[in-house]
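*Asks:* Got a structure for you, written out below as structure tokens; questions coming shortly.
Bear in mind these aren't lab numbers, they're just calculated from the coordinates by the rules spelled out. Note that the structure is predicted; figures quoted are calculated from it, not measured. Ideal geometry is used to build each Cβ from the backbone, glycine not excepted, and the neighbour counts take in all protein chains shown.
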Amino acid sequence: MKNTVWHGARRRIRMQDVGPRDGLQIEPVFVPTADKIALVNALSRTGLAKIEVTAFVSPKAIPAMRDADEVMRGIERAPGVEYAVLVPNVRGAERAIDVQADELNLVMSATETHNLANLRMTRDQSFAALTAVTTLGHDARIPVNISLSCTFGCPMEGDVPMAVVLDWCARFADLGARGITLADTTGMAHPAQVSAIAHAFRTRWPDLQLTMHFHDTRGLAVANVLASIDAGVDRFDASLGGLGGCPYAPGASGNACTETLVHALELMDYDTGVDLAALLAASRRLPALVGHETPSPIVKAGRRLDLHPVPEWFDEVAARARDRGPRI
Ligand code: COA
Ligand code: ZN
């Protein structure tokens with residue numbers, strides 16, 4: 001029986017890998033600049049729509065991103081791929097414009113507590129700084145996206161009213177942002193909630209780019225992606241190998257895993273444009289960079305039809321069973 005609900009019929013889904021930024025920002029080891037550049041270059045050849053290359057943040061806040069300028073200058077840009085960078089303030093925007101990023105991905109949190117912990121600013125202070133950043137982006141003709149952290153729940157404040165999230169979206173839409181990313185920073189989202197917020201957003205801003213950014217902290221990332229697609233969303237952040245997390249969000253853990261999503265979505269007849277074999281080859285190189293295995297289930301288990309040989313004792317057991325005749 002064909003499941004018409006989940007059948008994609010080759011609908012285009014844009015995959016945006018945030019591994020070089022969200023994936024590496026929480027790792028205790030410093031991945032050498034040349035390895036970061038090689039990682040981004042490998043991702044560039046897989047068919048992803050966008051790559052978040054790095055973050056122009058304080059090197060004291062996120063030491064892993066202290067080589068952001070060199071990484072952006074060192075990568076080879078593939079045609080058709082957008083190279084975005086995370087920006088928390090005017091200083092970050094100036095650095096991003098200097099290296100000609102394709103998109104400024106502004107960041108602030110939907111909750112006051114996480115914003116203060118992560119960015120050391122009140123939300124109003126962040127909004128004022130990001131208003132100035134947006135002007136800089138527009139002057140430099142670089143599109144602006146805003147990633148709103150903790151939209152589906154805050155690890156310190158709890159539930160976030162949908163009206164609060166939509167109010168921040170409205171303020172950034174009015175500033176002229178090209179897109180908004182609703183980020184589930186610590187995996188608190190669930191499909192019913194995702195569906196409600198995605199429908200509300202789409203109804204209010206049908207022409208604004210909407211990206212969903214899930215973490216798999218409670219195992220719901222794939223379910224949340226499917227609920228989003230059902231509500232009309234076609235852009236997703238995900239991280240190679242399922243690495244990731246915000247160091248200033250207690251309890252944070254890995255992003256939705258890029259290869260898990262590509263594997264699942266292609267099985268369901270969605271068109272991600274991503275070469276899964278190339279993605280997996282890049283993912284298998286991550287443990288050498290970060291010093292531990294990644295959570296990637298597809299690296300561990302293989303693709304659905306990566307079959308296993310029968311056990312070596314199989315032929316003998318099978319022959320004996322066949323020789324025995326009927327067994328009632
Ligand atoms: N790039 C590089 N350096 C920056 C910077 C930027 N975008 N913004 C500030 N700095 C530097 C300042 O020059 C200053 O350096 P100094 O101590 O050598 O003089 C130092 O950082 C402190 O600057 P200040 O403006 O007082 O920042 P702060 O200490 O209040 O921190 C942020 C504010 C936003 C810069 C910081 O909290 C931050 O970068 N957070 C990012 C967190 C993050 O990326 N989380 C994960 C993603 S969700
Ligand atoms: Zn994240």
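*Asks:* What's the exposure ranking of F201, F56, going from fewest to most Cβ atoms within 10 Å?
*Replies:* Least to most surrounded, the residues fall as F201, F56.
*Asks:* Also, I was wondering about something else. With both bridge residues required to lie in the chain, what share of the DSSP beta bridges run antiparallel, to the nearest 5%?
*Replies:* Within the chain, antiparallel bridges account for around 5 percent of the total.
*Asks:* Evaluate the distance, in nm, between pseudo-label points positioned 7 Å from the Cα of R120 and of V90 along their respective Cα→Cβ axes.
*Replies:* 1.7 nm
*Asks:* Using the beta-carbon distance between F30 and I328 and R0 = 41 Å, what value does 1/(1 + (r/R0)^6) give for FRET efficiency, to the nearest 0.05?
*Replies:* After rounding, the FRET efficiency stands at 0.05.
*Asks:* ³J(HN,Hα) across the stretch 275-281 via Karplus (A = 6.51, B = -1.76, C = 1.60, θ = phi - 60°), whole Hz, x for Gly/Pro?
*Replies:* 7, 4, 4, 5, 5, 5, 4
*Asks:* What list of ³J(HN,Hα) couplings, whole Hz, do you get for the stretch 68-82 from phi and the Karplus terms 6.51, -1.76, 1.60, once you set θ to phi - 60° and write x for glycine and proline?
*Replies:* Going residue by residue, I get 3, 5, 5, 5, 4, 6, x, 6, 9, 8, 8, x, x, 9, 9 Hz, with x marking Gly and Pro.
*Asks:* 222 nm [θ] for the chain, helices only, -39500 (n - 2.57) per DSSP H run of 4+, per residue, to 500?
*Replies:* Taken over the chain, the calculation gives -11500 deg cm²/dmol.
*Asks:* Oh, and also: Quick one: if the Förster radius is 51 Å, what FRET efficiency do D315 and D102 give, using the C-beta to C-beta distance and rounding to 0.05?
*Replies:* 0.35
*Asks:* Continuing with the same structure: Assuming a ≥ b ≥ c are the square roots of the Cα gyration tensor eigenvalues, decide whether the stretch 89-211 counts as rounded (a/c under 1.5), prolate (otherwise, with a/b larger than b/c) or oblate.
*Replies:* In terms of gyration-tensor shape, oblate.
*Asks:* Around R235, which amide H atoms from residues at least 5 apart in sequence, or from another chain, sit under 5 Å from its own amide H, with H modelled in the peptide plane?
*Replies:* R14, M212
*Asks:* Can you give the FRET efficiency to the nearest 0.05 for T203 and A288, using r as the Cβ-Cβ distance and R₀ = 41 Å?
*Replies:* 0.35
*Asks:* Here's something else I'd like to know. Between T54 and residues 5 or more places away or on another chain, which pairs have amide H atoms under 5 Å apart, with H built 1.01 Å from N, and which residues are they?
*Replies:* Those qualifying (amide H under 5 Å, at least 5 residues apart or on another chain) are L86.
*Asks:* Ok, one more. Can you put R73, R66, R141 in order, fewest other beta carbons within 10 Å first?
*Replies:* Ranked by crowding around the Cβ, least crowded first: R141, R73, R66.
*Asks:* List the residues whose amide H sits under 5 Å from the amide H of D271, counting only those 5 or more places along or on another chain, with H placed 1.01 Å from N in the peptide plane.
*Replies:* R10, R11, R12, I13
*Asks:* Further question on the same structure: Place the peptides 320-328, 22-30 in order of packing, highest mean first, counting for every residue the other Cβ atoms within 10 Å and averaging per peptide.
*Replies:* So the order, starting with the most tightly packed, is 22-30, 320-328.
*Asks:* Here is a further query. Which ³J(HN,Hα) values in Hz, rounded to whole numbers, follow from the phi angles of the stretch 95-102 under the Karplus curve 6.51 cos²θ - 1.76 cosθ + 1.60, where θ = phi - 60° and Gly and Pro get x?
*Replies:* 5, 5, 5, 4, 9, 6, 4, 7
*Asks:* Which percent of Cα-Cα pairs in the stretch 14-324 sits in each 10 Å bin, short to long?
*Replies:* Reading upward from the zero bin: 6, 28, 36, 20, 5, 3, 2, 1, 0.
*Asks:* I would also like to ask the following. To make sure I understand the rule: partners must be aspartates and glutamates, Cα under 17 Å from the Cα of K50, and not fewer than 8 residues away in the same chain. Which ones qualify?
*Replies:* D17, D22, E76, E82, D102, E103, D234, D237, E259, D271, D275
*Asks:* Let me ask you something else. Using per-residue counts of other Cβ atoms within 10 Å, averaged over each peptide, order 133-140, 310-317, 75-82 from highest down.
*Replies:* Ranking the peptides 133-140, 310-317, 75-82 by packing returns 133-140, 75-82, 310-317.
*Asks:* Further, regarding this structure: Could you give the distance between the Cα centres of the stretch 123-198 and the stretch 281-313, to the whole Å?
*Replies:* 35 Å
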